[in-house]
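Heads up: the structure comes next, in structure tokens.
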Amino acid sequence: MKILYIGQYSSGTTSKMRADQIENLNNAYQMDVIDTHVPFYKTNRIFRSFGFRYKKGPLIRNINSYVQKSLKENSYDLVWVDKGVFLNLKTIKLLRALSKLMVHFTPDPSFTFHKSKLFNNSLSFYDYVITTKSFEIEAYKKYLNEDKVLYVTQGFDKKMHLPSNKDFSKKKDVVFIGHYEDSRAEVIQELLNSKVGVVLAGIKWDEFAKINSNNDYLDYRGNGIYGNEYVCAIQDAKIAWGAISKWIPELHTTRTFEIPACGTALLTERNKETKTFFNEEDVIFYSNVNELIERVKFFMENDSRLKDVTCNGYNKVIEDGYDYESILSKVFEKII
């Protein structure tokens, strides 16, 4: 199979993880990659910010020009576009003309957060669109027939998200890696006030870290940690918080599966999606902040119970196939 993959191909990104799995699963005798991060990072920071937000300006021109100039072949069996919110109609029509099958995948919200008229205008050109956001399925159906809209869960990379060989007794603290939200800050502050050690990293936490600069229970590691450093931070923790954003109505996230896969207990809210993935023995569920604090304190002081939950959660995500390879295998059974 001859495949063209268009998307972010930087090391450590979930999009690169998908690209690598697509190549492996389809025994591609040729897989061309157009890395949209190349023109993105070559664009001036101000124009990047403007383009990311409004889908206009030099960033959009640079990405589309780069994609068009990077096309090597006259035809492909599959063109896979990952997070195609910056591609204009000219680019989309070029891709459509050279593809037997054209698929779009995004793990992001396309109608409630990362809004893009460019993306909306391009949807009818795809044979299939794949989303991890159940709450956006109806929005997709306004542009495509129901059988062309596929839902999959988020997932993890079996090669990257692995348990460590360290002794379980060496684990400590609660870790959270993700962007700042007021509701998240409330939880982290309550944990610190309860004398629970917290490892924290992510964008826009600087002010929170400054306020708590003299708090010995906070280990703030800056605006973000990625790749192996991200995995190690999760592996080293007793508990990792899989916080679900309140900016959008999502019900699970990549952390939902990455954390158990790394051999660490997942702390997550109860909702209709997380309860279909796990039961009470697999993760540390909570329904409100008070229950979250209470359960964290209990498990931090009961290693044997925590170890059971950790093992159960790991076994669950492995056995139920929440890794990218298993997820994408099922996708290709439907579309090929």
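Per residue of the chain, what 222 nm ellipticity follows from adding -39500 (n - 2.57) for every DSSP H run with n ≥ 4, rounded to the nearest 500? The partial results should precede the final answer.
On the way: 15 runs with 141 residues, N = 336.
The per-residue figure over the chain is -12000 deg cm²/dmol.
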Ignoring ligands and nucleic acids, residue 318 exposes an accessible area, probe 1.4 Å, in Å² to the nearest 10, of 70
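Of 133/330; 172/297; 272/316; 141/334; 148/272; 69/90, which pairs sit farther than 21 Å apart, going by alpha carbon to alpha carbon?
Details: 133/330 17 Å; 172/297 12 Å; 272/316 17 Å; 141/334 18 Å; 148/272 24 Å; 69/90 12 Å.
Distance filter (> 21 Å) returns 148/272.
Subtracting the Cα-Cα distance from 0.36 nm times the residue separation, let me have the gained length for residue 217 to residue 24 in nm, one decimal.
Working: separation 193, 0.36 × 193 = 69.48 nm, distance 4.37 nm.
Working it through step by step, the gained length comes to 65.1 nm.
Hey, can you find the accessible area per residue of the range 274-322 for me, probe 1.4 Å, expressed in square angstrom? Write out the running numbers ahead of the final one.
Values: 2620 Å² over 49 residues.
In whole numbers, the range 274-322 has 53 Å² accessible per residue.
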For the range 206-295, size of Cβ-based charge dipole, Lys and Arg +1, Asp and Glu -1, in debye: 160
Taking 0.36 nm per residue of separation between residue 141 and residue 301 and subtracting their Cα-Cα distance, the length gained on full extension comes to 52.8 nm
Modelled label-to-label distance, residue 190 and residue 275, 7 Å Cα→beta-carbon offset: nm? 1.9
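Rounded to the nearest 20 debye, what is the charge dipole size of the chain about its Cα centre when +1 sits on each Lys and Arg Cβ and -1 on each Asp and Glu Cβ?
Details: 47 positive and 43 negative charges, 328 e Å.
Charge dipole, the chain, about its Cα centre: 1580 debye, nearest 20.
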Residue farthest toward the positive end of the dipole of the chain, with Cβ of Lys/Arg at +1 and Asp/Glu at -1: which of 309, 248, 264? 248
Using a 1.4 angstrom probe on the protein heavy atoms only, could you order 53, 96, 305 from most to least accessible area? 53, 305, 96
Rounded to a whole number, what % of the accessible area of the range 130-238 do carbon and sulfur atoms account for, probe 1.4 Å? 47
Which loop-located GluC sites (Glu not before Pro) does the range 164-194 contain, where loop means any DSSP state but H, G, I, E or B and the Cβ has at most 16 other Cβ atoms within 10 Å? 181
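Rounding to the nearest 20 debye, state how big the charge dipole of the range 1-80 is about its Cα centre with +1 on each Lys and Arg Cβ and -1 on each Asp and Glu Cβ.
Numbers: 12 positive and 6 negative charges, 133 e Å.
The dipole magnitude comes to about 640 debye.
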Extension gain (nm, one decimal) between residue 332 and residue 113, 0.36 nm per residue minus Cα-Cα: 76.1 nm
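If I take R0 = 22 Å and measure r between the Cβ atoms of residue 49 and residue 10 in this structure, what FRET efficiency does the formula 1/(1 + (r/R0)^6) give, to the nearest 0.05?
On the way: r = 18 Å, r/R0 = 0.82.
Efficiency at R0 = 22 Å is approximately 0.75.
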Okay, which of the range 72-111 sit inside 19 Å, backbone N to the point 7 Å along the Cα-Cβ direction of residue 226? 82-86, 106-109
Taking the Cα of residue 32, stepping 7 Å toward and past its beta carbon, and measuring to each backbone N in the range 100-124: which are under 16 Å? 100-103
Let me see the pair-distance distribution of the range 47-120: every alpha carbon pair, 10 Å bin width, integer percents in order. 19, 51, 27, 4
Could you state the angle between the C-alpha long axis of helix 14-25 and the longest principal axis of the C-alpha atoms of the chain, as a value from 0 to 90 degrees rounded to the nearest 10? 60
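The values are calculated or read from the model by the stated rules, or taken from the named source; none is laboratory data. These numbers were taken from a predicted model, which means no experiment stands behind them. Note: ideal-geometry Cβ built from the backbone for every residue, glycine included; neighbour counts use all protein chains shown. Protein only, heavy atoms only, side chains kept; ligands, DNA and RNA dropped before computing areas. Shrake-Rupley method; radii C 1.70, N 1.55, O 1.52, S 1.80 Å.
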